[in-house]
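**Student:** There's a structure below that I have some questions on.
The values are calculated or read from the model by the stated rules, or taken from the named source; none is laboratory data. Values in this document were obtained by computation on a predicted structure and should not be read as measured data. As a convention, Cβ positions derive from the backbone with ideal geometry for all residues, glycine included, and neighbour counts pool all protein chains shown. Surface areas here come from the heavy atoms of the whole protein model, side chains and all, with no ligands, DNA or RNA. Shrake-Rupley method; radii C 1.70, N 1.55, O 1.52, S 1.80 Å.
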Amino acid sequence: MLSRREFLGLVFKGAVLGNFINLVAPPIHQALAQGEVKKIPVLMIETGTCTGDSISLDNIWPPTFGNILTNLLDWRYDWTMMQSQGSQAYQVLLDTYTKNPYDYILIVQGTIVHRDEGNYNHVGLEDGRLVTGLELVRRLGLKAKYVVAIGSCATFGGPPAGYPNPTQSTGVQKILPERRVINVSGCPAHPDWTMGTLFHLALYGEPELDKFGRPKMFYGETIHNNCERRRYYDQGIFATDIGQKECLYRVGCKGPVTYADCPIRAWNDHINWPVGCNSPCIGCTEPGYPDIMEPFTAHLPDIPFPGGTKITTNNIGFGVLGVTSAAITGHMAASLYKGRLHKNLIKSTAKAKHRPSVMKAKEFHTYRLKHRK
Amino acid sequence: MDKNKVTPTQPLVVRIFHWGFALSMVMIVLTGFELHSPFTFLAFNYGNVFVVHMTFAWLALGFVSLRIVDAFIRKDTSFIPKLSDFRGFVGVLAYYLFLRDSLPPGEKYNSGQKFIFFSWFIVFAVATLLGIATYFMGEYLVWVWRLVGGWQIVRTVKFLAAVYFSATILVHIYLSFTEDLSRLQAMITGYERQEP
Ligand code: HEM
Ligand code: SF4
């Protein structure tokens, strides 16, 4: 069987060549055929989601996603992909839960809605009772071998948890504090990230994770450090508008604060990635996305003020410096008018043995030293 | 006391600290603004801007440490506001708004100066911690990340710190040139002419 080291080698090679799944599928097939590993049952629960991660998974080619579902993993329950429906489908979920406890991988896609006991998000029907995403994910999560959250919503809350978060949404880790959730973040998650993590779990167990529970093999380095436009950045050559081919730092690129391997791996079957088509990285793999990454075309987030207005950091900077300059100019004018400036300067520069005091002469704004006649 | 005598007001360590820190802060803040939003007409080598920013940040940290050690050795609390300075500040403000003719009697520094100087130490410490955390992005000091809520917030706080420094430094320079030039002289030579 493929060693872990070789597997990690393929993770990188696949990123460069753009055929990661194609590279790992044959050895996994072989290991399965020889009985060295067994297919791990996978359940995918979609909570508050746009299904973007499923669509992203569908981009796998070759082998096709369908091939993986049936031949490499035991993909059992997934709204978007399964053929059966209704209680028959749901029974698969319940069966796996009761018959294979601590043996299946639970994938969660979508944010966990907390508002009103999670009742804005129903994911199943049991004995005539609507089951919330909050309840089901927690129940299945406690008995899963691994819990994998995919996409920005399931990992850190994502867009639904953005200000003012009307549904009180959070990521999955928040509702499963007793165990580690593996976070495959991204909006959406790259199919290689999801599949690579699943294969690693199936073959070697938990991969090395970063401080936010993300597998280091995919999220180990910032976008900026691998970016093909880094030489522009280093030389200080910046695009002044989106659509230009220089470094996009000035138009809000979040590459310097975002961890992912997009510059090498690229998207859509290795065709391109955001910076490659002249639009800034929006930082979708980071906790706090999208709030702290917005506006996507500005370097820093706007600062909220009470009353709902938001002011850009540049305006705050110019505002504060403008007010200060105006205050200094005003003070100087008043000081000239009142004669304080004259007084202070004479007092502190007059040649005398000790500091003299000054008195006002009759003429407007003229001071003279007291001891001179 | 002999009226002809000049009083030493600024020991050498304070003067070294002052000018070293002043130069470093100007460089840090200017390069910080360049890092924040590069001026297209400047076309600096960006890697170098970084190096300058961090070099002066380390230097500034050195000068601040020097001054803090010095304050401990001399038991010098002249720049630390006391409770009475809140009251004193009202008088200082009134003076600067031309509502009274002279500053309220104070110690080495007036209440306004104390508040500004002390705030610089605090803001400097915060910005430096955040700066060092950005430098090690994700390797060390991740708790700073968590505490503040993300690198973007870290950047924002540092930007606001830089704005605070530039605004207060402007006021500081303006007042040093227009209030009492002999105090400015003292920061260079160490001596100030004695009040009669
Ligand atoms: C008083 C101290 C400091 C001030 C006022 C300051 C100010 C700034 C400002 C305004 C920026 C631009 C932020 C942005 O808009 O993205 C910046 C960036 C940066 N500073 Fe500082 N800084 C200070 C100390 C430090 C220190 C001590 C270090 C490291 C040892 C440091 C390292 C950095 C780095 C690495 C960046 C780039 C961050 C990024 O691109 O996001 N700074 N600083
Ligand atoms: S385009 Fe973005 S990621 Fe690339 S070098 Fe510029 S700032 Fe860094």
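**Student:** Are any of the residues in segment A:308-318 more than 30 Å from A:Asn165 (Cα to Cα), assigned to a helix (DSSP H, G or I) and within 10 Å of chain B (Cβ to nearest Cβ)?
**Tutor:** Initial filter on segment A:308-318 (more than 30 Å from A:Asn165 (Cα to Cα)): A:318.
Now restrict to residues that are assigned to a helix (DSSP H, G or I): A:318.
Now narrow it down to the ones that are within 10 Å of chain B (Cβ to nearest Cβ): A:318.
The answer is yes, given that some residue of segment A:308-318 is more than 30 Å from A:Asn165 (Cα to Cα), assigned to a helix (DSSP H, G or I) and within 10 Å of chain B (Cβ to nearest Cβ).
**Student:** Can you pull out every residue in segment B:153-173 that is more than 21 Å from A:Met332 (Cβ to Cβ) and away from ligand 2 (no atom under 16 Å from the Cβ)?
**Tutor:** B:Ile153, B:Val154, B:Thr156, B:Val157, B:Lys158, B:Phe159, B:Leu160, B:Ala161, B:Ala162, B:Val163, B:Tyr164, B:Phe165
**Student:** I've got another one for you. Name, by its number, the condition in (1) crowded, with 17+ Cβ neighbours inside 10 Å; (2) in contact (Cβ under 8 Å) with a residue 12 or more places away in the chain that does not hold for B:Ser78.
**Tutor:** Condition (1) is where B:Ser78 drops out.
**Student:** What number of residues in segment B:56-92 are closer than 18 Å to B:Gln113 by Cβ and among the small types (Gly, Ala, Ser)?
**Tutor:** Number satisfying all stated conditions: 5.
**Student:** Across segment A:239-256, what is the number of residues that are at the interface with another protein chain (Cβ under 8 Å from one of its Cβ atoms), more than 24 Å from the chain's Cα centre (by Cα) and in contact (Cβ under 8 Å) with a residue 12 or more places away in the chain?
**Tutor:** Going through segment A:239-256 one residue at a time, the tally reaches 0.
**Student:** Now for a separate question. Kindly provide the set of residues from segment B:54-63 that are near ligand 1 (Cβ under 9 Å from one of its atoms) and crowded, with 19+ Cβ neighbours inside 10 Å, ordered by number.
**Tutor:** B:Phe56, B:Ala57, B:Ala60, listed by residue number.
**Student:** In segment B:67-75, is there at least one residue being hydrophobic (A, V, I, L, M, F, W, C), surrounded by 15 or more Cβ atoms within 10 Å (Cβ to Cβ), more than 30 Å from A:Tyr233 (Cα to Cα) and more than 14 Å from chain A (Cβ to nearest Cβ)?
**Tutor:** Residues of segment B:67-75 that are hydrophobic (A, V, I, L, M, F, W, C), as a first pass: B:68-69, B:71-73.
Remaining after also requiring surrounded by 15 or more Cβ atoms within 10 Å (Cβ to Cβ): B:71.
Going one step further and asking which of them are more than 30 Å from A:Tyr233 (Cα to Cα), we end up with B:71.
Pick out the ones that are also more than 14 Å from chain A (Cβ to nearest Cβ) and you get B:71.
So far as segment B:67-75 goes, yes, one or more of its residues are hydrophobic (A, V, I, L, M, F, W, C), surrounded by 15 or more Cβ atoms within 10 Å (Cβ to Cβ), more than 30 Å from A:Tyr233 (Cα to Cα) and more than 14 Å from chain A (Cβ to nearest Cβ).
**Student:** Out of all the residues in segment A:233-274, which are open to solvent by less than 50 Å² (accessible area, probe 1.4 Å), near ligand 2 (Cβ under 9 Å from one of its atoms) and among the basic types (Lys, Arg)?
**Tutor:** Result: A:Lys254, single match.
**Student:** So in segment A:19-38, with the set limited to residues that are in contact (Cβ under 8 Å) with a residue 60 or more places away in the chain and surrounded by fewer than 19 Cβ atoms within 10 Å (Cβ to Cβ), which one is nearest to A:Asn226 (Cα to Cα)?
**Tutor:** In this case the residue turns out to be A:Asn19.
**Student:** Can you tell which of A:Leu43, A:Leu23, A:Leu32 is at negative phi and within 27 Å of the chain's Cα centre (by Cα)?
**Tutor:** So the residue among A:Leu43, A:Leu23, A:Leu32 that is at negative phi and within 27 Å of the chain's Cα centre (by Cα) is A:Leu43.
**Student:** Looking at segment A:54-66, which of the residues that are in a loop (DSSP other than H, G, I, E, B) and open to solvent by less than 40 Å² (accessible area, probe 1.4 Å) is nearest to A:His190 (Cα to Cα)?
**Tutor:** A:Ile60
**Student:** Which ones in segment A:223-266 are polar (S, T, N, Q) and in contact with a Pro (Cβ under 6 Å, 6 or more places away or on another chain)?
**Tutor:** A:Asn226
**Student:** Also: Please go through segment B:66-94 and give me each residue that is closer than 30 Å to A:His331 by Cα, in contact with a helix residue (DSSP H, G or I) (Cβ under 8 Å, 6 or more places away or on another chain) and among the hydrophobic types (A, V, I, L, M, F, W, C), ordered by number.
**Tutor:** Across segment B:66-94, the qualifying residues are B:Phe79, B:Ile80, B:Phe86, B:Phe89, B:Val92, B:Leu93.
**Student:** If you take the residues of segment A:267-298 that are touching a Lys or Arg at 6+ places or on another chain (Cβ under 7 Å) and within 11 Å of chain B (Cβ to nearest Cβ), which of them is farthest from A:Tyr219 (Cα to Cα)?
**Tutor:** Among them, the one singled out is A:Met293.
**Student:** Within segment B:145-194, work out how many residues are of a type in the set (S, T, N, Q), within 16 Å of ligand 1 (Cβ to nearest atom) and at pLDDT 85 or above.
**Tutor:** In the first step, residues of segment B:145-194 are kept if they are of a type in the set (S, T, N, Q); the result is B:152, B:156, B:166, B:168, B:176, B:178, B:182, B:185, B:189, B:194.
Okay, now just the ones that are also within 16 Å of ligand 1 (Cβ to nearest atom), so B:152, B:156, B:166, B:168.
Add one more test, that the residue is at pLDDT 85 or above, and what stays is B:156, B:166, B:168.
Qualifying residue count for the region: 3.
**Student:** Also, I was wondering about something else. Residues of segment A:179-232 being without any contact (Cβ under 8 Å) to a residue 40 or more places away in the chain, surrounded by fewer than 18 Cβ atoms within 10 Å (Cβ to Cβ) and more than 16 Å from ligand 2 (Cβ to nearest atom), which ones?
**Tutor:** Result: A:Arg179, A:Arg180, A:Gly205, A:Glu208, A:Leu209, A:Lys211, A:Lys216.
**Student:** Taking segment B:28-45 as the region of interest, how many residues are without any contact (Cβ under 8 Å) to a residue 60 or more places away in the chain and near ligand 1 (Cβ under 10 Å from one of its atoms)?
**Tutor:** Kept after step one, since they are without any contact (Cβ under 8 Å) to a residue 60 or more places away in the chain, are these residues of segment B:28-45: B:30-31, B:34-35, B:37-45.
Keeping just the survivors that are near ligand 1 (Cβ under 10 Å from one of its atoms) gives B:30-31, B:34-35, B:37.
Selection size over segment B:28-45: 5.
**Student:** Given the conditions (1) more than 14 Å from chain A (Cβ to nearest Cβ); (2) away from ligand 1 (no atom under 16 Å from the Cβ); (3) out of contact with any helix residue (DSSP H, G or I) (no Cβ under 7 Å at 6 or more places or on another chain); (4) open to solvent by 50 Å² or more (accessible area, probe 1.4 Å), and given that B:Leu97 satisfies all but one, which numbered condition is not satisfied?
**Tutor:** (1)
**Student:** Mind telling me which of the residues B:Gly106, B:Gly32 ends up being touching a His at 6+ places or on another chain (Cβ under 7 Å) and surrounded by 15 or more Cβ atoms within 10 Å (Cβ to Cβ)? Step through it out loud before you land on a result.
**Tutor:** Working: B:Gly106 fails: touching a His at 6+ places or on another chain (Cβ under 7 Å).
Within the list B:Gly106, B:Gly32, the selection yields B:Gly32.
**Student:** Which ones in segment A:67-78 are open to solvent by less than 40 Å² (accessible area, probe 1.4 Å) and in a helix (DSSP H, G or I)? Let's see the steps before the verdict.
**Tutor:** To start, the set of residues in segment A:67-78 that are open to solvent by less than 40 Å² (accessible area, probe 1.4 Å) comprises A:68-69, A:72-73, A:75, A:77-78.
A:Ile68, A:Leu69, A:Leu72 - these are the residues of segment A:67-78 that are open to solvent by less than 40 Å² (accessible area, probe 1.4 Å) and in a helix (DSSP H, G or I).
**Student:** Here is a further query. Exactly one condition in (1) without any contact (Cβ under 8 Å) to a residue 12 or more places away in the chain; (2) within 16 Å of ligand 2 (Cβ to nearest atom) is not met by B:Tyr95; state its number.
**Tutor:** (2)
Let's see how each residue does on (1) surrounded by fewer than 16 Cβ atoms within 10 Å (Cβ to Cβ); (2) touching a residue at least 24 places away in the same chain (Cβ under 8 Å); (3) under 25 Å from A:Thr222 (Cα atoms):
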position	(1), (2), (3)
B:Gly112	no, no, no
B:Phe115	no, yes, no
B:Gly131	no, yes, yes
B:Phe136	yes, no, yes
B:Gly149	yes, no, yes
B:Ile173	yes, no, no
B:Asp180	no, no, no
B:Met187	no, yes, no
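**Student:** Within segment A:257-266, restricting attention to residues that are within 14 Å of another protein chain (Cβ to nearest Cβ) and β-branched (Val, Ile, Thr), which residue is nearest to ligand 1 (Cβ to nearest atom)?
**Tutor:** Out of the qualifying residues, it is A:Val257.
**Student:** Could you list all residues from segment A:267-293 that are within 15 Å of ligand 1 (Cβ to nearest atom), of a type outside the set (A, V, I, L, M, F, W, C) and over 20 Å from B:Leu147 (Cα atoms)?
**Tutor:** A:Pro280
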